[in-house]
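Step one of this worksheet: look at the structure below.
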Amino acid sequence: MHTTRPLSFVATISRSAPKYRRPRPGTAERPPYRAGDPLVGNPKAKVTKLVEGAPELGQPELTFIHRPPPSAPSPFSLTTSPASPLLVPKNDSTTTRLPPLIRPIKSVHSEQTASGAGAASSMPPRMSDADLEKLQELRRSDPFKYSRAKLAEMFNCTPAFVGMVAPLTKSQCKSTHKVLGEKHERSRDKWSEKHSIVMAIRKKRKELW
């Protein structure tokens, strides 16, 4: 004997059924992430409703939200009188607006330091005219013996300064380059075969740059 279910039960199942069919087990996907509005519930944000919305007419409401920046600069903060204590310069008499020296100072005048002229004592002593003429004379007499590094050590200056105040002539430059080339050639003769091949490949690569 066959029995049929009542129509009311079938109608109840159809009404309770979801609008979209359920996914198969193991194939459900996580819904997309929706970040909340950071201005909602912010105590510093000022909300102003400009236009009242009418959902039944399809008119959305227009809201203006203003939040001041958390680190707004003060209009009373000046370079000479900053508002923040972190911007106040240190009260040090030795600080200057010049960058630090490239090389350390070998001789420091203790008299100037004792009198409080720390900025003046940090500067290297100025070369006298007699020392400058002697430096140029030694450089012209024998550029190989009195190189820039040796003269810089003798007169307490930099090699760049020696090259500026005592430049070599063209003939001296050519002879210097010739002697250096012969010295380098003697060094190349001591290279192994593998090292010579590597250096030749490097030279060829530089020519193709």
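Applying a threshold of 6 Å to beta carbon distances and a minimum spacing of six or more residues, or different chains, the list of pairs starting in segment 136-162 at a residue that is under 16 Å from residue 173 (Cα atoms) and ending at one that is not in a helix (DSSP H, G or I) reads 136/166; 138/146; 139/146; 139/166; 143/168. Can you name the residue in segment 148-175 that is within 37 Å of the chain's Cα centre (by Cα) and farther than 20 Å from residue 101 by Cβ and, of all such residues, is surrounded by the most Cβ atoms within 10 Å (Cβ to Cβ)? The extreme case among them is 150. When you check residue 194 against the structure, is it in a helix (DSSP H, G or I), modelled with pLDDT under 90 and open to solvent by 90 Å² or more (accessible area, probe 1.4 Å), yes or no? Against the criterion (in a helix (DSSP H, G or I), modelled with pLDDT under 90 and open to solvent by 90 Å² or more (accessible area, probe 1.4 Å)), residue 194 does not qualify. Residues that are on the phi < 0 side of the Ramachandran plot, open to solvent by less than 90 Å² (accessible area, probe 1.4 Å) and modelled with pLDDT of 75 or more occur in segment 112-127; there is at least one. All told, residue 201 meets the bar of being assigned to a helix (DSSP H, G or I), exposed (fewer than 14 other Cβ atoms within 10 Å of the Cβ) and within 37 Å of the chain's Cα centre (by Cα).
The values are calculated or read from the model by the stated rules, or taken from the named source; none is laboratory data. From a predicted model like this one, the values you see are computed outputs, not experimental measurements. All Cβ positions, even for glycine, are placed from backbone atoms using ideal geometry, and neighbour counts span all protein chains on display. Quick note on the areas: whole protein, heavy atoms, side chains included, nothing else; ligands and nucleic acids left out. Shrake-Rupley method; radii C 1.70, N 1.55, O 1.52, S 1.80 Å.
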